[in-house]
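Engineer: Below: one structure in structure tokens.
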Amino acid sequence: MKTTVIDFTLSSLIALLEHEGIDLSSVKISLKNDSTDESLTEGMLVDLIEKAKKDLEQIQNESTRLDFLLENRIRVEKWNTSPSTQYYFVMNEDDESIAKEVDGRDAIDAAIKIFEEESND
């Protein structure tokens, strides 16, 4: 996923408002339903911007993980190692386990770290 445009747009909006001397913490946003004119949500712009930044960061992290899996032709498998325990294994194309963690995202992050360390050697 390309998030550069979203990041640029968000940064531009903030810069434009600040350039105009607008205090972001004083701007209140109210979204209304067009057909009923009923208020859907209200909140502060600064809170909306922070939420958007966090969501964008999460999307970028997920995109990085997906790109890593595709570029290195590896997969993630969930194994039940006992009735109450499960692990996520990151497997390479030779069916060798590269990393093992309780959480799938953590397993991918561990595999990314291993690949980065190998490329630095």
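Engineer: Based only on Cα atoms, what Rg/Rh ratio does the chain have, Rh being taken as Kirkwood's radius?
Structural biologist: 1.18
Engineer: So, one more: Taking the Cα centre of the stretch 1-71 as origin and charging only Cβ (+1 Lys, Arg; -1 Asp, Glu), how large is the dipole, in debye to the nearest 20? Each step should come with its number before you reach the end.
Structural biologist: Details: 7 positive and 15 negative charges, 25 e Å.
Its charge dipole is roughly 120 debye.
Engineer: For the chain, set up a Gaussian network in which alpha carbons nearer than 10 Å are linked by springs, and say which option among Asn61, Asn33, Asn92 fluctuates the most.
Structural biologist: Its mean-square fluctuation being the largest, the pick is Asn33.
Engineer: Under the rule of -39500 (n - 2.57) per DSSP H run of 4 or more residues, summed and divided by the residues of the chain, what mean residue ellipticity at 222 nm is obtained, to the nearest 500 deg cm²/dmol?
Structural biologist: -17000 deg cm²/dmol
Engineer: What ³J(HN,Hα) values, in whole Hz, does the Karplus curve 6.51 cos²θ - 1.76 cosθ + 1.60 give for the stretch 20-28 when θ = phi - 60°, with x put for Gly and Pro?
Structural biologist: With the stated coefficients, the stretch 20-28 comes to 7, x, 8, 7, 4, 6, 9, 8, 9 Hz.
Engineer: Same structure again: What does the extension gain come out to for Asn120 and Thr64, with contour length at 0.36 nm per residue minus their alpha carbon separation? Walk me through the numbers on the way to the answer.
Structural biologist: Numbers: separation 56, 0.36 × 56 = 20.16 nm, distance 1.88 nm.
Stretched fully, the Asn120-Thr64 segment lengthens by 18.3 nm.
Engineer: Moving on to the next point. Provide the gained length on full extension for the span Ala15 to Leu40, in nm with one decimal, where the gain is 0.36 nm per separating residue minus the Cα-Cα distance.
Structural biologist: Roughly 6.3 nm would be gained on extension.
Engineer: In addition: What do you get for GluC sites (Glu not before Pro) in the stretch 1-77 restricted to DSSP loop and a cutoff of at most 12 other Cβ within 10 Å of the site's Cβ?
Structural biologist: Glu20, Glu38
Engineer: Using a basic spin-label model with each label point 7 Å from the Cα along Cα→Cβ, how many nm lie between Lys51 and Leu31?
Structural biologist: With each label placed 7 Å out from Cα toward Cβ, I get 0.7 nm.
Engineer: Continuing with the same structure: Can you list the residues, at least 5 places off or on another chain, whose amide H is less than 5 Å from the amide H of Ile98, using H built in the peptide plane?
Structural biologist: Under 5 Å from the amide H of Ile98 lie the amide H atoms of Val90, Met91, Asn92, each far enough along the sequence or on another chain.
Engineer: Between the DSSP loop rule and a limit of at most 13 other Cβ atoms within 10 Å, which trypsin sites (Lys or Arg not before Pro) in the stretch 49-82 are left?
Structural biologist: In loop regions of the stretch 49-82 (DSSP not H, G, I, E or B), the sparsely surrounded trypsin sites (Lys or Arg not before Pro) are Arg73.
Engineer: In a solvent-free Debye calculation with one equal scatterer on each Cα, what is log10 I(q)/I(0) for the stretch 73-121 at q = 0.14, 0.33 Å⁻¹, listed in the order of the q values?
Structural biologist: Normalising to I(0) and taking log10 leaves -0.34, -1.19.
Engineer: Suppose every K and R has +1 on its Cβ and every D and E has -1 on its Cβ; what is the size of the dipole of the chain about the Cα centre, in Debye to the nearest 20?
Structural biologist: Details: 13 positive and 28 negative charges, 58 e Å.
Dipole of the chain, to the nearest 20 debye: 280 debye.
Engineer: Find which of Gln86, Phe8, Ala99 sits farthest along the positive direction of the dipole of the chain, computed with +1 on the beta-carbon of Lys and Arg, -1 on that of Asp and Glu, about the Cα centre.
Structural biologist: Gln86
Throughout, read-outs are computed from the coordinates displayed, never taken from laboratory work. Being a predicted model, the structure only gives us computed values, none of them experimental. Reconstructed Cβ throughout: ideal geometry from the backbone, glycine too, with neighbour counts over all protein chains shown.
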